[in-house]
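Nothing in this text is a laboratory measurement; each read-out follows from the coordinates by a stated rule. Since this is a predicted model, take the numbers as computed values, not measurements. Note that each Cβ is placed from the backbone with ideal geometry, even for glycine, and that neighbours are counted across all protein chains shown.
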Amino acid sequence: MPTVKQLVTEASKLKAGQVPAHVQKFAAQHWTPGQLQTRVMNWLHDYKIKWIDTGSSKPLIDLVSYGFVFSYAYSWPREYAHYKHEQEAKVKGGHH
């Protein structure tokens, strides 16, 4: 099964103009929806065997960690807009 490392190694031997076509060809051959689904299902199965079936706390830590990252990324645009609005109000002499 080809890896990203192989893709990078092959692409490093090409001229800059040839890289996009090579990446498209590589992706079309090795990252089809069916293959991706199989890889994800295999990863989930291996994760279950390695962490969930052994009673590890890693799945809980992963859930909390990735939940935090997702919620932060989801709310960042609104928080940033609010911050920019506050900065503009301070420049104009107003308050928020």
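Local charge sum around Gly94 (other residues, Cβ-Cβ under 13 Å, Lys/Arg +1, Asp/Glu -1)?
0
Report the local net charge at Pro59: Lys and Arg +1, Asp and Glu -1, summed over other residues whose C-beta lies under 14 Å from its C-beta.
0
In whole Hz, with x marking every Gly and Pro, tabulate ³J(HN,Hα) for region 78-94 from phi via Karplus 6.51 cos²θ - 1.76 cosθ + 1.60, θ = phi - 60°.
5, 5, 5, 4, 4, 4, 4, 5, 4, 5, 5, 5, 5, 5, 7, x, x
Quick one: how many lysine pairs in the chain have C-alpha atoms under 20 angstrom apart, if they're 8 or more apart or on different chains?
On the way: Lys5/Lys13; Lys5/Lys15; Lys5/Lys25; Lys13/Lys25; Lys15/Lys25; Lys48/Lys58; Lys50/Lys58; Lys84/Lys92.
So the count of such lysine pairs works out to 8.
Going by a ≥ b ≥ c, the root eigenvalues of the Cα gyration tensor, does the chain fall in the rounded group (a/c under 1.5), the prolate group (a/b larger than b/c) or the oblate group?
Cα axes put the chain in the oblate bin.
I need the phi-derived Karplus couplings for region 18-32: 6.51 cos²θ - 1.76 cosθ + 1.60, θ = phi - 60°, integer Hz, Gly and Pro marked x.
Per-residue couplings from phi come out as 8, 5, x, 5, 5, 5, 4, 5, 4, 5, 5, 7, 10, 10, 6 Hz.
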